[in-house]
Amino acid sequence: RWKPDLLLAQEPWRPNAGPMPSPSGYHLVGSTPLLAAWIPSGCPKLGVKQIGERWQAFHFQSFAVHHVYLSPHTSKERREHLLALSRSIDPEESSIVVGDFNLAPRSQDGLFGGKPSLFTKRSERKAFEALLESSRLVDATATNEEPEFTFERWQSGKPIRFRCDLALLSTRLRSAAQVIYDHSVRAEGGFTDHSA
(Lines give C-alpha, C1' and ligand atoms only; values in the text may rest on other atoms or scores of the structure.)
Protein backbone atom coordinates (compact mmCIF):
# COMPACT_ATOMS: atom_id res chain seq x y z
CA ARG A 1 0.00 0.00 0.00
CA TRP A 2 1.41 3.40 -0.97
CA LYS A 3 1.36 6.54 1.13
CA PRO A 4 0.90 9.79 -0.85
CA ASP A 5 3.43 12.59 -0.34
CA LEU A 6 0.65 15.18 -0.70
CA LEU A 7 -3.09 14.91 0.01
CA LEU A 8 -5.35 17.63 -1.42
CA ALA A 9 -9.04 18.34 -0.84
CA GLN A 10 -11.59 20.93 -1.88
CA GLU A 11 -14.23 22.23 0.54
CA PRO A 12 -12.56 20.58 3.56
CA TRP A 13 -14.51 22.58 6.16
CA ARG A 14 -17.83 21.49 7.52
CA PRO A 15 -20.21 24.42 8.00
CA ASN A 16 -19.65 26.00 11.42
CA ALA A 17 -17.21 23.25 12.41
CA GLY A 18 -13.81 24.29 11.05
CA PRO A 19 -11.48 22.14 8.99
CA MET A 20 -11.74 18.38 8.90
CA PRO A 21 -9.19 16.58 11.10
CA SER A 22 -5.85 15.59 9.59
CA PRO A 23 -5.75 12.04 8.24
CA SER A 24 -3.75 9.63 10.40
CA GLY A 25 -0.02 10.07 9.87
CA TYR A 26 -0.38 13.48 8.17
CA HIS A 27 -0.24 17.12 9.20
CA LEU A 28 -1.94 20.13 7.66
CA VAL A 29 0.35 22.42 5.64
CA GLY A 30 -2.20 24.88 4.28
CA SER A 31 -5.93 25.48 4.29
CA THR A 32 -8.73 27.87 3.53
CA PRO A 33 -12.45 27.09 3.75
CA LEU A 34 -12.14 25.95 0.11
CA LEU A 35 -8.79 24.10 -0.02
CA ALA A 36 -6.64 21.97 2.28
CA ALA A 37 -3.37 20.10 1.94
CA TRP A 38 -1.57 17.58 4.13
CA ILE A 39 1.87 15.95 3.99
CA PRO A 40 3.10 12.89 5.92
CA SER A 41 4.32 13.58 9.44
CA GLY A 42 8.11 13.75 9.46
CA CYS A 43 8.23 14.65 5.78
CA PRO A 44 10.87 17.25 4.88
CA LYS A 45 9.57 20.79 4.66
CA LEU A 46 8.33 21.92 1.30
CA GLY A 47 7.66 25.38 -0.06
CA VAL A 48 3.98 26.25 0.39
CA LYS A 49 2.44 29.36 -1.08
CA GLN A 50 -1.18 30.31 -0.41
CA ILE A 51 -1.93 32.42 -3.48
CA GLY A 52 -5.57 32.97 -2.62
CA GLU A 53 -8.63 31.30 -1.20
CA ARG A 54 -8.82 29.11 -4.34
CA TRP A 55 -5.14 28.46 -5.13
CA GLN A 56 -2.22 26.82 -3.32
CA ALA A 57 1.25 26.08 -4.73
CA PHE A 58 3.69 23.49 -3.40
CA HIS A 59 7.32 23.35 -4.46
CA PHE A 60 9.16 20.07 -4.28
CA GLN A 61 12.80 19.71 -5.37
CA SER A 62 12.08 19.02 -9.02
CA PHE A 63 8.52 20.20 -9.66
CA ALA A 64 5.62 22.36 -8.49
CA VAL A 65 2.06 21.34 -7.69
CA HIS A 66 -0.72 23.90 -8.08
CA HIS A 67 -3.93 23.02 -6.24
CA VAL A 68 -6.93 24.94 -7.55
CA TYR A 69 -10.65 25.22 -7.04
CA LEU A 70 -12.11 27.53 -9.66
CA SER A 71 -15.31 29.39 -8.92
CA PRO A 72 -18.55 27.48 -9.46
CA HIS A 73 -20.36 30.81 -9.69
CA THR A 74 -19.11 32.93 -12.59
CA SER A 75 -17.48 32.38 -15.94
CA LYS A 76 -15.54 35.62 -15.53
CA GLU A 77 -13.90 34.44 -12.29
CA ARG A 78 -12.95 31.08 -13.85
CA ARG A 79 -11.43 32.78 -16.90
CA GLU A 80 -9.47 35.22 -14.73
CA HIS A 81 -8.13 32.35 -12.60
CA LEU A 82 -6.99 30.47 -15.72
CA LEU A 83 -5.25 33.58 -17.04
CA ALA A 84 -3.53 34.12 -13.67
CA LEU A 85 -2.28 30.52 -13.76
CA SER A 86 -0.96 31.12 -17.29
CA ARG A 87 1.03 34.12 -16.06
CA SER A 88 2.32 32.31 -12.96
CA ILE A 89 3.46 28.90 -14.21
CA ASP A 90 6.99 28.78 -15.58
CA PRO A 91 6.96 26.63 -18.74
CA GLU A 92 10.58 25.63 -18.02
CA GLU A 93 9.60 24.17 -14.63
CA SER A 94 7.89 20.79 -14.29
CA SER A 95 4.38 21.47 -13.01
CA ILE A 96 1.21 19.68 -12.03
CA VAL A 97 -2.10 21.55 -11.77
CA VAL A 98 -4.93 19.63 -10.07
CA GLY A 99 -8.33 20.38 -8.69
CA ASP A 100 -11.93 21.20 -9.47
CA PHE A 101 -11.94 23.51 -12.48
CA ASN A 102 -15.77 23.83 -12.51
CA LEU A 103 -15.77 23.83 -16.31
CA ALA A 104 -15.83 21.40 -19.20
CA PRO A 105 -12.58 21.82 -21.20
CA ARG A 106 -14.26 20.43 -24.35
CA SER A 107 -17.93 20.41 -25.31
CA GLN A 108 -18.13 16.61 -24.84
CA ASP A 109 -16.85 17.03 -21.26
CA GLY A 110 -20.03 18.76 -20.07
CA LEU A 111 -23.47 17.35 -20.86
CA PHE A 112 -26.94 18.44 -19.80
CA GLY A 113 -29.64 15.98 -20.75
CA GLY A 114 -27.28 14.26 -23.19
CA LYS A 115 -26.46 17.47 -25.09
CA PRO A 116 -23.45 19.79 -24.65
CA SER A 117 -24.05 22.03 -21.66
CA LEU A 118 -23.99 25.81 -22.08
CA PHE A 119 -22.45 26.25 -18.61
CA THR A 120 -18.85 26.60 -19.85
CA LYS A 121 -18.36 29.69 -22.01
CA ARG A 122 -16.14 29.95 -25.08
CA SER A 123 -13.90 32.50 -23.34
CA GLU A 124 -13.18 29.97 -20.55
CA ARG A 125 -12.21 27.29 -23.07
CA LYS A 126 -9.93 29.75 -24.83
CA ALA A 127 -8.29 30.65 -21.50
CA PHE A 128 -7.92 26.94 -20.68
CA GLU A 129 -6.25 26.26 -24.05
CA ALA A 130 -3.98 29.28 -23.54
CA LEU A 131 -2.95 27.87 -20.14
CA LEU A 132 -2.07 24.51 -21.69
CA GLU A 133 -0.10 26.13 -24.50
CA SER A 134 1.77 28.84 -22.57
CA SER A 135 2.67 26.55 -19.65
CA ARG A 136 3.38 23.47 -21.81
CA LEU A 137 0.78 21.38 -20.03
CA VAL A 138 -1.38 18.46 -21.15
CA ASP A 139 -4.84 17.57 -19.88
CA ALA A 140 -3.90 14.12 -18.58
CA THR A 141 -7.42 12.67 -18.40
CA ALA A 142 -8.65 13.87 -21.80
CA THR A 143 -9.05 10.95 -24.19
CA ASN A 144 -10.61 10.34 -27.57
CA GLU A 145 -13.01 7.95 -25.85
CA GLU A 146 -16.16 9.03 -24.00
CA PRO A 147 -15.04 11.26 -21.11
CA GLU A 148 -14.74 9.86 -17.61
CA PHE A 149 -17.23 12.14 -15.91
CA THR A 150 -16.22 13.21 -12.41
CA PHE A 151 -19.46 14.91 -11.40
CA GLU A 152 -22.99 13.65 -12.11
CA ARG A 153 -26.29 14.97 -10.84
CA TRP A 154 -29.95 15.34 -11.87
CA GLN A 155 -31.44 18.81 -12.40
CA SER A 156 -34.89 19.63 -13.77
CA GLY A 157 -35.37 15.95 -14.59
CA LYS A 158 -32.24 15.78 -16.73
CA PRO A 159 -28.80 14.35 -15.99
CA ILE A 160 -25.80 16.66 -15.70
CA ARG A 161 -22.44 15.01 -16.39
CA PHE A 162 -19.11 16.87 -16.26
CA ARG A 163 -15.41 16.02 -16.46
CA CYS A 164 -14.35 19.02 -14.40
CA ASP A 165 -11.88 17.54 -11.88
CA LEU A 166 -8.65 17.70 -13.83
CA ALA A 167 -4.94 16.94 -13.70
CA LEU A 168 -2.75 19.04 -15.98
CA LEU A 169 0.87 17.89 -16.32
CA SER A 170 3.94 19.42 -17.87
CA THR A 171 4.60 17.63 -21.14
CA ARG A 172 7.95 16.43 -19.77
CA LEU A 173 6.15 14.62 -16.92
CA ARG A 174 3.50 12.94 -19.07
CA SER A 175 5.45 9.76 -19.83
CA ALA A 176 6.53 9.37 -16.18
CA ALA A 177 3.11 9.86 -14.58
CA GLN A 178 -0.07 7.85 -14.30
CA VAL A 179 -3.31 9.73 -13.64
CA ILE A 180 -6.43 7.81 -12.66
CA TYR A 181 -9.79 8.73 -11.18
CA ASP A 182 -11.35 7.07 -8.16
CA HIS A 183 -15.12 7.22 -8.70
CA SER A 184 -15.91 5.06 -5.66
CA VAL A 185 -15.76 8.06 -3.30
CA ARG A 186 -19.00 9.39 -4.77
CA ALA A 187 -20.84 6.06 -4.78
CA GLU A 188 -23.80 5.58 -2.47
CA GLY A 189 -22.45 5.98 1.04
CA GLY A 190 -19.43 7.90 -0.29
CA PHE A 191 -18.31 11.18 1.26
CA THR A 192 -18.41 13.52 -1.76
CA ASP A 193 -20.20 14.18 -5.05
CA HIS A 194 -16.94 14.50 -7.06
CA SER A 195 -14.53 11.77 -8.09
CA ALA A 196 -11.07 11.72 -6.55
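The values are calculated or read from the model by the stated rules, or taken from the named source; none is laboratory data. A quick note: this is a predicted structure, and the numbers were derived from the prediction, not measured. Here the Cβ positions follow ideal geometry from the backbone for every residue, glycine too, while neighbour counts run over all protein chains shown. Note: areas computed on protein heavy atoms with side chains; ligands, DNA, RNA excluded. Shrake-Rupley method; radii C 1.70, N 1.55, O 1.52, S 1.80 Å.
Overview of values
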{"item": "Highest-fluctuation residue, Leu34, Leu118, Leu166 considered, GNM on the chain with Cα pairs under 10 Å", "result": "Leu118"}
{"item": "Partner aspartates and glutamates for Lys45 [C-alpha distance under 19 Å; skip if fewer than 8 residues away on the same chain]", "result": "Asp5"}
{"item": "Residue-normalised accessible area of region 9-122, given per residue in Å² at a 1.4 Å probe", "result": "52 Å²"}
{"item": "Eligible lysines near Lys76 by straight Cα distance, threshold 30 Å, same-chain separation 8 or greater", "result": "Lys49, Lys115, Lys121, Lys126, Lys158"}
{"item": "P(r) tail fraction, region 1-62 - alpha-carbon pairs more than 20 Å apart, %", "result": "26 percent"}
{"item": "Among Leu111, Leu168, Leu103, residue whose mean-square fluctuation peaks in a GNM of the chain (springs only between Cα atoms under 10 Å)", "result": "Leu111"}
{"item": "(1) 15.3, 43; (2) 16.7, 50; (3) 17.6, 56, with the label sought being that of the calculated Rg and Dmax of the Cα atoms in Å", "result": "(2)"}
{"item": "In region 43-72, trypsin sites (Lys or Arg not before Pro) in a DSSP loop with at most 16 other beta-carbon atoms within 10 Å", "result": "Lys45"}
{"item": "Over region 32-116, volume per residue of the alpha carbon convex hull, in Å³", "result": "131 Å³"}
{"item": "Loop GluC sites (Glu not before Pro), region 68-171, which have at most 10 other Cβ atoms in a 10 Å radius of their Cβ (DSSP)", "result": "Glu92, Glu145"}
